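No value in this document is a laboratory result; all are computed from the given coordinates. Everything numeric here is computed off the predicted structure, so don't read it as measured data. Neighbour counts are summed over all protein chains in view; Cβ atoms, including those assigned to glycine, are modelled from backbone coordinates with ideal geometry.
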Amino acid sequence: MNEVEPDDRRLVDAARRGDADAFAGIYRAHQGAVYRYALHMCGASAADDIVQDTFLALLRQPNRFDPARGTLSAYLLGIARHVLLKRLAIARNESARDQDDVVDAAVEPASAFDELSRAETIESVRSAIQTLPPQYREVVVLCELQELDYAEAAAIMECPVGTVRSRLHRARALLASKLAGARSGVRYARLRR
Amino acid sequence: MDESNRVDALTRAIRAVAADEARLTASPIVEQRLIAEVRSIAAARRRRMRALSMAIASMFLIAAAVSGWWARARRSGAPTDASSRAASAGEVATTFLPLTYSGVPITSGQIVRLEVPRAALASFGLAPVESLDAPSSGTVLADVLVGEDGLARAVRFVRAADRSAQQQQEQKP
């Protein structure tokens, strides 16, 4: 994810002046990451809107991007986060529900992965990620799926690096637990066939 | 399976999801909308630059006209009656609009009537109304407030209240 982006400032300036080619370059390089982040955080129905609003914000407030403070990719993900937080009025409710979702990973120590096909694994993991509470889902999306480093993720999430580490640890434990539960379900379903 | 293997397996599974999702992108319509927005920004920028250029050009034209009048007035000792007057009852005038040196204080000044290019109206956002009045004319009348130092402080645009009055105005020597 940490690709070299030496021309980002120049491209942003050019896009701000109305250079469609410069904007298209920025958009094509970064829209995928923003889209996938939005997809995981708020679903397919709103992901396109999040992408659009994020890049509109870049066009309308281009001077806020400072390459010295982080990559353009991280900056755009930060905007996307603000955009989707506005949409996620349910975030507060989910944080209350968070405690109910936390399951001790030690409860189900077995692995789910060896017995599942690749497609089943992908679908199971994707589903498990979707059921994570937002703050854990977010850290998995940023650090695991987008492969940002902890510092970049912390900047986007506006929290200390230590919080990113602890959330990721908790998120992985939750994922393992959920996937172990999924494995039990699959095995049960196979037995019933 | 020990803890290390479980961690590795989870990591592999997440990597598989990431690889599978790498192909996911926003709808093409989003890019089309955004490119349209960029083009509208470019168009608005061009309009602003054009207006700014016209405004600067108008300032220079007015300043040049005032300088010419100022030089003539100094040579003759005093401004002529025809060139120093306020809008009369038969005329409609805009409010005075500040020019470049509007911030420079003056102790006395004169209102000088000049003909300036019609483009000057556009730079003050007045062209649509005025152009209905005399679209064929290349110039419009303007009253320029000139300080005792010869620098123009403000301008207002003048036209006859009706066309016949304007024609009379234009026929004055």
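For the range A:1-81, the gyration tensor built on C-alpha atoms gives a prolate shape. Its axis ratio a/c (a ≥ b ≥ c) is at least 1.5, and a/b is the larger of a/b and b/c.
Across the range B:57-66, rounded Karplus estimates of 3J(HN,Hα) from the backbone phi angles (6.51 cos²θ - 1.76 cosθ + 1.60, θ = phi - 60°) give 4, 5, 4, 5, 5, 5, 4, 5, 5, 5 Hz, Gly and Pro being marked x.
Counting only other chain Cβ atoms within 10 Å of each residue's Cβ, the peptide B:3-10 averages 5. Once the Cβ-Cβ distance of B:SER27 and B:ARG74 is raised to the sixth power relative to R0 = 51 Å, the FRET efficiency obtained is 0.15. Amide H contacts for B:ARG118 (H built 1.01 Å from N in the peptide plane; partners 5 or more residues away or on another chain; cut-off under 5 Å): B:THR139, B:VAL140.
The mean number of partner chain beta-carbon atoms within 10 angstrom of a residue's beta-carbon across peptide A:16-26 is 4.
For the residues of A:140-151, the average number of beta carbons from a partner chain within 10 Å of their own beta carbon is 2. Packing order of peptides B:36-47, B:107-118, highest average first: B:107-118, B:36-47 (average count of other Cβ atoms within 10 Å over each peptide's residues).
Close amide H partners of B:LEU99, meaning residues 5 or more places away or on another chain with modelled amide H under 5 Å apart, are B:ALA154, B:VAL155.
For the range A:64-78, backbone phi angles converted through the Karplus equation (6.51, -1.76, 1.60; θ = phi - 60°) give residue-by-residue couplings of 7, 7, 10, x, 5, 9, x, 6, 5, 4, 5, 4, 5, 5, x Hz, Gly and Pro being listed as x.
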